[in-house]
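Single-structure report; data block below.
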Amino acid sequence: MKRRDFLKMSSGLVIAGTLGKVGSLMAAPMEKTPSSAQSVVYFTRDISPDGLLKLYRKINQNITGKVAIKWHSGEKHGPNIIPRGMVKALQENIPNSTLVETNTLYKGDRYTTEDHRETLQVNGWDFCPVDIMDEDGAVMIPVKGGKHFKTMSVGKHMLDYDSMVVLTHFKGHAMGGFGGSMKNIAIGCADGQIGKKMVHAAPDNEDYSKWLSGKPFMENMAESAKATVDYFAPHIAYINVLRNMSVDCDCAGVTAAPPKARNIGILASTDILAIDQASIDLVYKLPEEELHDLKERIESREGLHQLTAMEELKMGNRSYELVEVI
């Protein structure tokens with residue numbers, strides 16, 4: 001029986017390493033992990049197809065079978081999405097891979113499958129098939145250790161895949177404070193009409209003022225992400241691209257605020273908590289004039305609680321070794 005024909009209940013593995021000079025990067029609030037083991041996060045300043053592929057080859061040992069590449073397709077003409085050439089290069093170098101997405105809860109350019117497919121064409125995501133995972137409905141999968149959810153609704157097609165590569169544009173976010181690997185799968189794998197409504201505790205899809213916010217929302221996202229992590233573990237890996245980091249998500253499209261922060265680089269890991277912690281740490285090392293708006297967005301939404309929530313769910317390690325790849 002193929003792995004994708006049943007639900008895996010085990011949690012992901014953590015790569016152990018030793019702490020290098022990463023301590024000097026720890027500017028954001030964090031708690032020390034009780035274990036001395038560190039996770040490895042690879043880093044390159046080369047934001048290009050070549051740089052992306054170099055990092056992917058460091059973390060692809062368990063990426064096998066039919067592979068889902070979960071990325072953010074963005075609203076029409078979004079100025080900050082990951083460049084098409086980078087995504088294309090990654091997809092072409094992962095055998096038997098498909099770009100995957102889900103429809104949105106809010107009524108925008110990707111609310112229906114028909115509108116979403118039109119947006120894919122506009123934004124240039126036409127070099128390979130794209131699987132809108134909730135096109136044919138949703139399925140519930142377990143949330144191991146959740147205190148808010150016991151199951152989470154995800155796009156039905158997600159169960160067709162053996163492995164997942166989470167390719168994330170790291171940036172700010174209107175509700176999450178920031179969007180990293182965790183947010184990418186927490187919201188991005190939940191189907192548009194059930195799962196996303198569960199995570200947002202949304203009574204409807206129009207009055208956003210009634211949607212969940214603050215720490216409870218971060219905890220809901222973490223539990224949603226854990227369902228996907230546990231389903232694929234250990235056949236899942238994460239890449240964060242720290243480029244064009246607006247305070248707004250790519251779901252803001254052309255209305256996203258212009259980025260003030262410089263481009264930093266690309267991070268890759270098999271540990272979802274370590275990669276998002278490392279991304280935050282690198283952002284918090286920026287000069288004040290570049291950091292101010294992102295930091296205000298993150299902390300005003302209590303976004304750093306994403307990291308605490310993942311730690312409490314034992315989704316990974318907040319202590320890591322940052323290994324630069326030239």
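The values are calculated or read from the model by the stated rules, or taken from the named source; none is laboratory data. This structure is a prediction, so every number in the text was calculated from the model and none was measured. Backbone-built Cβ (ideal geometry, glycine too); neighbour counts: all protein chains shown.
Structure notes:
- Residues located in region 35-68, provided they are among the hydroxyl-bearing types (Ser, Thr, Tyr) and more than 17 Å from Leu90 (Cβ to Cβ): Ser35, Ser36, Ser39
- All positions within region 116-147 that are surrounded by fewer than 16 Cβ atoms within 10 Å (Cβ to Cβ), assigned to a loop (DSSP other than H, G, I, E, B) and out of contact with any Lys or Arg (no Cβ under 6 Å at 6 or more places or on another chain): Asp126, Cys128, Pro129, Gly145, Lys147
- Here is the figure for region 148-165: residues that are in a helix (DSSP H, G or I) and among the polar types (S, T, N, Q) total 0.
- Count of residues meeting criterion [part of a loop (DSSP other than H, G, I, E, B) and either within 26 Å of Asp248 (Cα to Cα) or among the small types (Gly, Ala, Ser) (or both)] in region 278-314: 7
- The single condition among (1) acidic (Asp, Glu); (2) assigned to a loop (DSSP other than H, G, I, E, B); (3) out of contact with any helix residue (DSSP H, G or I) (no Cβ under 6 Å at 6 or more places or on another chain) that Glu75 does not satisfy is (3).
- Ser300 in contact (Cβ under 8 Å) with a residue 24 or more places away in the chain, out of contact with any Lys or Arg (no Cβ under 6 Å at 6 or more places or on another chain) and under 21 Å from Glu219 (Cα atoms): yes
- Matching residues in region 273-296 - criterion: being farther than 15 Å from Pro259 by Cβ and among the acidic types (Asp, Glu): Asp276, Asp281, Glu288
- Matching residues, region 248-277, being buried (at least 24 other Cβ atoms within 10 Å of the Cβ) and either in a helix (DSSP H, G or I) or aliphatic (A, V, I, L, M) (or both): Ile266, Leu267, Ala268, Ile272, Leu273, Ala274, Ile275, Asp276, Gln277
- Which listed residue, of Lys197, Lys147, is over 29 Å from Thr64 (Cα atoms) and either small (Gly, Ala, Ser) or touching a helix residue (DSSP H, G or I) at 6+ places or on another chain (Cβ under 9 Å) (or both): Lys147
- The condition of being of a type in the set (Ser, Thr, Tyr), in contact (Cβ under 8 Å) with a residue 24 or more places away in the chain and surrounded by fewer than 16 Cβ atoms within 10 Å (Cβ to Cβ) holds for only one of Thr113, Thr98, Thr151, that being Thr151.
- Of the residues making up region 193-216, none is within 19 Å of Ile82 (Cα to Cα), buried (at least 24 other Cβ atoms within 10 Å of the Cβ) and either at pLDDT below 95 or of a type in the set (D, E, K, R) (or both).
- As a summary of the residue check, Leu322 satisfies the conditions (1) assigned to a loop (DSSP other than H, G, I, E, B); (2) at pLDDT 95 or above; (3) more than 23 Å from His72 (Cβ to Cβ); (4) among the aliphatic types (A, V, I, L, M) except for the one numbered (1).
- Scanning region 154-172 for residues that are among the hydroxyl-bearing types (Ser, Thr, Tyr) and within 16 Å of the chain's Cα centre (by Cα) returns Ser163, Thr168.
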